[in-house]
Amino acid sequence: MIKKYWNIYKVFWRTSLARELEFRANFLAKIGINIIWIGFYVISVAILFNNTASIGTWTKGDVYILAAFFTFVEAIAYTIFVRNTQEIAEMIRNGNFDGILLRPVNTQFLASLRFVSFDELGTLIGSLAMFIYGLSQSHASINFRQILLALAFVGIGLIIFYCFAMTITIMVFWFIKLDNIRVLMTSTLQLVRFPADVLPTVIRRILVVVLPISFISTIPTQALLGRNIEPWAGVGVIISLSLFIGVKLFWDYALKAYSSASS
Amino acid sequence: MWQKILALFSINLQGNLIYKANAFLWMLTDAVPAIFMPLVWLASYQGRANIAGFTPSLMVTYYLAVFIINNVVGSGIFDEVARDVREGQLAKHLIRPISYLSTCYFSNISWRIVRLFMSLPLIVIGFVVWHNYLSLDNLNLGIWFWLALLLAHFLNFTISYTIGSLALILVETSSFFSIYFFFNFLLSGQIAPLAMFPSGLITLATYMPFRYILSFPLEILTGQLSTSGIISGLIIGMIWLGVVTLACKLVWNKGLKSDFAVGI
């Protein structure tokens, strides 16, 4: 069963890569745009630290590591599922979603993972560069356990991102036109761009347990640098995993409500 | 003449109201920095009374003012112009008894008014959240500020319109937009007051147009400029307005001569 799905997933990568390589110039242009976006962030941080030695207890190196985490999570999310969630909305609108329902594999798997997007390759490279620079500036001692913990939290961050994107998408089953809500996702994600410490306590806790996007940047950085991890992070992990199951149930429920646009 | 203007105005206003949900959400995106950036800075004072002359109170005021002023004088018309050119809608406008430029201008103005009204709840939230920090009595709301604001309005619109018009002579404009955004973001004072920048960048910003589309009125508002600084700023800004207007004329002359009218 797992092997079958793994093989199918490999095919998704192969076909997506083949498609991408047809438009090579476009591909390079996209990398350029990625780097400009990272440039925006790097400049903001550089200006901040031109005027201060630290934001709260976070030094320049720490902030770059944090930036590396959120750009990494966002880039991976865009690579493996964000574009698919946009496609789902489109397919529901024009009726092509019927074709997905007919295939003999899990619908959620197929619909949310089938296109692999290589648009964010430049972001990944930028993220790596910021990570290396951040580490070289940071004085934290890092051991293997801290790395593993940080990676585990990054995984949780990705799961939350997936749940977030899918919940918005699933609502399209009822409200056919809902692109707008996606903008809301973009604005909310701006909150992970700086350490959660700067936020008032109430909002800080909300971002751990209600809308646990702190797992995208602040928490993995804290874990990697061996700092105190956000209070209630354990609860946040449980909530995130439950959200994942919740999204699956919501998806199944939505499929029952689906009344094709084409037939 | 006035009838034409009023008609254009009301058509655009109605059009804009249809997309209000969309617009409101985009505005939320702009509002996040107004709340969030002061928080980041406040965590950076570490007991200091000011950073580059900015007290915590001034810093908060600055970001709130960025949000409000951006709503009033910003312009996203380049998107509309580029789309009209690409999709062949421009031809339709060219045969109308009112110039395309005026159509765009009033579309922009009516949109700004809608935006300002829609942003009111967000502005109120900003005032409530930051009421401990805001000190409005020190703000300089004299004639210079309004002049600078007017200049910012025209410069924003003209630059935006010209950049959109580039679609007449370039096939691919999106990378050009990105470059514009980059400099706009960097040198207009959006991310941080220009006073926070390294001195080389401050000098660069003084002679580039971007300062005059946002930062300049803000600097007057927050009392950072002497009268001579204000006057030289107004002059540089006006020169840029002239330069961009000329560039726009060139783009249109060249663009209309060459083959276009996609979609006919």
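The GNM of chain A, with springs linking C-alpha atoms under 10 angstrom apart, assigns the highest mean-square fluctuation among A:V192, A:V208, A:V11 to A:V11.
Let me check I have the definition right: for segment B:139-264, take the eigenvalues of the Cα gyration tensor, multiply each by 5, take square roots. What are those semi-axes in whole Å, largest first?
Numbers: eigenvalues 196, 50, 25 Å².
Those come to 31, 16, 11 Å.
For A:I55, no residue 5 or more places off, or on another chain, has a built amide H under 5 Å of its own.
Estimated from helical segments only, the mean residue ellipticity of chain A at 222 nm is -23500 deg cm²/dmol, where each DSSP H run of four or more residues counts as -39500 (n - 2.57).
If you roll a 1.4 angstrom probe over the protein chains with everything in place, what fraction of the accessible area of segment B:2-258 belongs to carbon and sulfur, to the nearest %? Ligands and nucleic acids excluded, carbon and sulfur give 71 percent. A DSSP coil position with no more than 15 other Cβ atoms inside 10 Å describes the following chymotrypsin sites (Phe, Trp or Tyr not before Pro) in segment A:1-36: A:F23.
Solvent-accessible surface, computed for protein heavy atoms with a probe of 1.4 Å, shrinks by 20 Å² or more for the following residues of segment B:162-211 when the other protein chains are added to the isolated chain: B:S178, B:F182, B:F185, B:L186, B:I191, B:M196, B:P198. Carbon and sulfur together cover what percent of the accessible area of segment A:143-208 at a 1.4 Å probe radius? Ligands and nucleic acids excluded, carbon and sulfur give 73 percent. Model label sites at A:L101 and A:T188, defined 7 Å from Cα along the beta-carbon direction, differ in position by 2.8 nm. Alpha carbon centre of segment B:227-259 versus segment B:124-144: separation in Å? Answer, in whole Å: 33.
Normalised by residue number, the volume inside the convex hull of the Cα atoms of chain B is 144 Å³ per residue.
Comparing the full protein assembly with the isolated chain (1.4 Å probe, heavy atoms, ligands and nucleic acids excluded), the residues of segment A:194-208 losing at least 20 square angstrom of accessible area are A:F194, A:V198, A:L199. All Cα-Cα separations within segment B:1-122 were binned at 10 Å from zero, giving a P(r) of 12, 33, 26, 16, 10, 3, 0, each value a whole percent of the pairs. Converting phi to 3J(HN,Hα) with the Karplus coefficients 6.51, -1.76 and 1.60 and the offset θ = phi - 60°, segment A:111-126 yields 5, 9, 10, 6, 9, 9, 9, 9, 5, 9, 4, x, 5, 4, 4, x Hz in sequence order, with x at every glycine or proline. Converting phi to 3J(HN,Hα) with the Karplus coefficients 6.51, -1.76 and 1.60 and the offset θ = phi - 60°, segment B:224-239 yields 8, 10, 7, 4, 5, x, 5, 5, 5, x, 4, 5, 4, x, 5, 4 Hz in sequence order, with x at every glycine or proline.
So, for chain B, what is the accessible surface per residue at a probe of 1.4 Å, expressed in square angstrom? If you can, show how the numbers build up before the last one.
Numbers: 12710 Å² over 264 residues.
That works out to 48 Å² for each residue.
Rolling a 1.4 Å probe over the protein heavy atoms leaves A:I239 with an accessible area of roughly 50 Å².
Just reorder A:E74, B:E87 by solvent-accessible area, largest first, 1.4 Å probe, all chains present. Please report the intermediate quantities before stating the final value.
Working: A:E74 30, B:E87 110 Å².
Output order, biggest surface exposure first: B:E87, A:E74.
Using 22 Å as the Cα-Cα cut-off, could you pick out the over-long pairs in A:K30/A:K60; B:K92/B:K249; B:K92/B:K257; A:K4/A:K248?
Numbers: A:K30/A:K60 28 Å; B:K92/B:K249 20 Å; B:K92/B:K257 17 Å; A:K4/A:K248 20 Å.
Beyond 22 Å: A:K30/A:K60.
Using only Cα atoms, figure out Rg for segment A:135-196 and give it as a multiple of 2.2 N^0.38 Å. Dividing the Cα Rg of segment A:135-196 by 2.2 N^0.38 Å gives 1.59. The alpha carbon centroids of segment A:1-43 and segment B:153-214 are separated by 30 Å. Taking the alpha carbon gyration tensor of the protein assembly as shown, multiplying each eigenvalue by 5 and rooting it gives semi-axes of 39, 33, 22 Å, largest first. Among the residues of segment A:47-65, those with an accessible-area drop of 20 Å² or more from chain alone to full protein complex, heavy atoms and 1.4 Å probe, are A:I47, A:L48, A:N50, A:N51, A:T52, A:S54, A:I55, A:G56. Could you run the numbers on buried accessible area between B and A, total for both chains, 1.4 angstrom probe, in Å² to the nearest 100? The B and A chains share an interface burying roughly 2500 Å².
Binning the C-alpha pair distances of segment A:2-261 at 10 Å intervals from 0 yields a P(r) profile of 7, 27, 33, 23, 8, 1 %, listed from the shortest bin outward.
Counting each DSSP H run of 4 or more residues in chain B as -39500 (n - 2.57), what helix-only mean residue ellipticity at 222 nm follows after dividing by all residues, to the nearest 500 deg cm²/dmol? If you can, show how the numbers build up before the last one.
On the way: 11 runs with 188 residues, N = 264.
It comes out at -24000 deg cm²/dmol, rounded to the nearest 500.
The values are calculated or read from the model by the stated rules, or taken from the named source; none is laboratory data. This is a predicted model, so every value here is computed, not measured. Cβ atoms come from the backbone with ideal geometry, glycine included; neighbour counts cover every protein chain shown. In case anyone asks, the SASA skips ligands and DNA or RNA and just uses the protein heavy atoms, side chains included. Shrake-Rupley method; radii C 1.70, N 1.55, O 1.52, S 1.80 Å.
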